[in-house]
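First comes the structure, then the notes that go with it.
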Ligand code: 5GP
Ligand code: MG
């Protein structure tokens, strides 16, 4: 099923090979039993699962939930909706998100993790949009660099829908209104 107005960007096999490639790049930095993978809910749930299964190492997991302030023009400012369950003081953390867009989410979550005492925070995203970042972040490990258009599937939603799709779909360029 391809949602109206979207075209397929990545198959299930593409996504898995991207997760494997990222896992291979991260592996030398992972301390078995000591590194904590923190995923940004809700979208990063699927990628976290495939990433740590491909990594096949004993790692801890925890979650953050953030949302944008929905206050008109200044949206893009983030607030923490739900914080960590575990103590990351002194721990090496891998921060996992589904997609890098402006960079504000990674910047916000990195600051939060450091405020909780994380010794290091390494970002990793499945997708990164080719566009200027609006926040100063260290470039994360990236599975796929994609055009600056809206994507859905594999955890990525549109108004709460389409997260369950096994493939990733991108808004058809001809139907996209420029930002
Ligand atoms: P940033 O903070 O880097 O601007 O945006 C990252 C967050 O915005 C991601 O965690 C994701 O929730 C959401 N996001 C950014 N681009 C897209 C997109 O194309 N599709 C969906 N579904 N979510 C996106
Ligand atoms: Mg998100």
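Counting helices only, and only those DSSP H runs with n ≥ 4, report the 222 nm mean residue ellipticity of the chain as the sum of -39,500 (n - 2.57) divided by its residues, in deg cm²/dmol to the nearest 500.
Estimated from H runs of four or more residues: -6500 deg cm²/dmol.
Note on region 1-60: Cα Rg divided by 2.2 N^0.38 Å, N the number of residues, gives 1.33.
Please report, to one decimal in angstroms, the Kirkwood hydrodynamic radius of the chain built from all distinct Cα-Cα pairs.
Working: mean 1/r = 0.0598 Å⁻¹.
Evaluated over the chain, this radius sits at 16.7 Å.
Each of residue 31 and residue 79 was given a label point 7 Å from its Cα along the Cα-to-Cβ line. The distance between the two points is 3.6 nm.
To make sure I understand, if each residue's beta carbon is the centre and we count other beta carbons within 10 Å, what order do 116, 8, 145 fall in, fewest to most? Write out the running numbers ahead of the final one.
Details: 116 16, 8 13, 145 10.
Neighbour counts put them in this order, fewest first: 145, 8, 116.
Taking the chain as a Gaussian network of alpha-carbon nodes connected by springs under 10 Å, the highest mean-square fluctuation of the residues 86, 102, 17 belongs to 86. Taking Cα atoms only, the orientation of helix 104-115 departs from the longest principal axis of the chain by about 10 degrees. Residue order for 15, 30, fewest other beta carbons within 10 angstrom first, comes to 30, 15. Once both labels are positioned 7 Å from their Cα atoms along Cα-to-Cβ, the gap between residue 120 and residue 166 label points is 3.6 nm.
Could you list 138, 167, 174 in order of exposure, starting from the residue whose Cβ has the fewest other Cβ atoms within 10 Å?
Details: 138 11, 167 17, 174 7.
By the 10 Å Cβ count, ascending, the order reads 174, 138, 167.
Between helix 12-26 and the chain there is an angle of about 30 degrees, using the helix long axis and the longest principal axis of the Cα atoms.
Legend: calculated FRET efficiency, residue 157 to residue 111, from the Cβ-Cβ distance at R0 = 22 Å, rounded to 0.05, equals 0.35.
Only the coordinates and a few stated rules stand behind these numbers; no lab work does. What you are looking at is a predicted structure, and each value in this text was computed from that prediction instead of being measured. Positions of Cβ are generated from backbone atoms using ideal geometry, with glycine treated the same way; all protein chains shown enter the neighbour counts.
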